[in-house]
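Structure first, then comments.
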Amino acid sequence: MAAFLSAPGGYPHPLRRKPATSIPASPLAGLIQNLQDKVAARVALSRTLGDALTDPVFLLGIFMFLVGFVSNIFHDEILYDLRRSHPPTADGEPHYAIPYGGLYKYISYPNYLCEWVEFVGFAIAASPHWDYTPPWMFVVAEIMVMAPRAYKGHQWYHQKFPEYPKDRKAVIPFVY
């Protein structure tokens, strides 16, 4: 999903100045449909809805998914507010600023971390036995794509802003 969302012109993004040339089906709609399918499969395997909704592993996965989802939106909104409050420069370039608030106190890319939490939660709910199944493959692929991007973006912040907080990490608080 990270590669799809970062593809030029592939997704209508609120920070873009020009509209995307093609608008694919909403990734959120696909995600919700996939989650519904997993819940239905889980219910079928558990025999009753009550069993699925009382399974602590399943509930942990759903909880992590929701926390990651809401946190991801929260941190994206911080970035959107920076862009909304500062119009592009005279030459049409976007205004860049240092984000503050939430997990930005500790890391440069909390929206990436929250997305990882979101999809680890999804993987736990959909495939709780830690098998190398599609939900877990997606988590691994997403981290492999996004971690280097976060590191490069973190370096860019330090180059662009001399006053950038030196103790901030790229994407994992206190670690990376």
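The values are calculated or read from the model by the stated rules, or taken from the named source; none is laboratory data. Because the structure is a prediction, the values reported are computed rather than measured. No Cβ is skipped: glycine too gets one built from the backbone with ideal geometry, and neighbour counts run over all protein chains shown. We work out accessible area using only protein heavy atoms, side chains counted, and drop any ligands, DNA or RNA first. Shrake-Rupley method; radii C 1.70, N 1.55, O 1.52, S 1.80 Å.
Of all residues in the stretch 144-159 being open to solvent by less than 60 Å² (accessible area, probe 1.4 Å) and touching a residue at least 24 places away in the same chain (Cβ under 8 Å), which is nearest to ILE32 (Cα to Cα)?
MET146
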Exercise. Is one or more of the residues making up the stretch 84-99 in a helix (DSSP H, G or I), of a type in the set (Lys, Arg) and either closer than 19 Å to PHE63 by Cα or in contact (Cβ under 8 Å) with a residue 12 or more places away in the chain (or both)?
Worked result: no
Exercise. ILE124 versus (1) of a type in the set (Val, Ile, Thr); (2) free of Cβ contacts under 8 Å to residues at least 60 places away in the same chain; (3) in a helix (DSSP H, G or I): which is the lone unmet condition?
Worked result: (2)
Problem set entry | So TYR96, is it farther than 28 Å from LEU35 by Cβ, open to solvent by 40 Å² or more (accessible area, probe 1.4 Å) and in contact with a strand residue (DSSP E or B) (Cβ under 8 Å, 6 or more places away or on another chain) | no
Exercise. Which residue out of PRO162, PRO110 is open to solvent by less than 60 Å² (accessible area, probe 1.4 Å), more than 19 Å from GLY30 (Cβ to Cβ) and not hydroxyl-bearing (Ser, Thr, Tyr)?
Worked result: PRO110
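Quick grid of which residues meet (1) touching a helix residue (DSSP H, G or I) at 6+ places or on another chain (Cβ under 8 Å); (2) modelled with pLDDT under 95; (3) assigned to a loop (DSSP other than H, G, I, E, B):
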position	(1), (2), (3)
GLY68	yes, no, no
TYR112	yes, no, no
TRP136	yes, yes, no
VAL139	yes, yes, no
ASP167	no, yes, yes
ILE172	yes, yes, yes
Problem set entry | Any chance ILE124 is open to solvent by less than 20 Å² (accessible area, probe 1.4 Å) and touching a strand residue (DSSP E or B) at 6+ places or on another chain (Cβ under 9 Å) | no
